[in-house]
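Report on one structure; see the data block that follows.
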Amino acid sequence: RQATMTFLSYLSASLSWMKTSDLQVRFMSKFLSRSAKRRLPLTTKRARKGFYKGNRATKEGTLTSKGKFISDPDKMLQLIVPDLTGFKLKPYIANTASKLPPEKRITPGA
């Protein structure tokens with residue numbers, strides 16, 4: 001305990017030029033107290049059966065009282081795609097890639 005205290009006092013003295021907000025040392029243990037567990041964010045592993053957190057999707061409409069979904073055009077996702085007429089490159093293929101299959105290519109040294 002004494003060695004730990006001297007190390008911490010040395011560390012604080014050697015880093016006295018830093019602000020305390022810049023230095024954030026956190027010691028996490030896999031054994032947390034009950035009160036510490038309650039302060040952690042709620043995940044599907046910590047909740048009871050049937051808990052679904054969602055996947056951050058946007059709501060593109062509303063549900064009526066009878067369970068019918070009414071989509072709202074103002075909330076719909078709109079993708080803005082440029083005009084690609086006359087574009088020579090194909091998707092996911094490098095410009096320097098050979099158009100011949102590997103077995104039909106002629107190697108210079110062979």
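The C-beta contact set for the stretch 62-77 (first residue in a loop (DSSP other than H, G, I, E, B), second residue open to solvent by 100 Å² or more (accessible area, probe 1.4 Å), distance under 9 angstrom, 6+ apart or interchain) comprises Asp72/Lys59; Leu77/Thr58. Looking across the stretch 49-74, just one residue is of a type in the set (D, E, K, R), open to solvent by less than 100 Å² (accessible area, probe 1.4 Å) and out of contact with any helix residue (DSSP H, G or I) (no Cβ under 6 Å at 6 or more places or on another chain), and that is Asp72.
Taking the stretch 92-110 as the range and being open to solvent by less than 100 Å² (accessible area, probe 1.4 Å) and not small (Gly, Ala, Ser) as the test, the residues that pass are Ile93, Leu100, Pro101, Pro102, Thr107. From (1) at pLDDT 90 or above; (2) assigned to a loop (DSSP other than H, G, I, E, B), pick out the condition that doesn't hold for Val81. Condition (1) is where Val81 drops out. The residues on offer are Arg38, Arg46, and the sole one that is within 26 Å of the chain's Cα centre (by Cα), at pLDDT 80 or above, surrounded by 10 or more Cβ atoms within 10 Å (Cβ to Cβ) and part of a loop (DSSP other than H, G, I, E, B) is Arg46.
The values are calculated or read from the model by the stated rules, or taken from the named source; none is laboratory data. The structure presented is a predicted model; accordingly, all values stated were derived computationally and were not measured. FYI the Cβ positions are ideal-geometry reconstructions off the backbone, even for glycines, and counts take in every protein chain you see. With ligands, DNA and RNA removed, areas are computed over all heavy atoms of the protein, side chains included. Shrake-Rupley method; radii C 1.70, N 1.55, O 1.52, S 1.80 Å.
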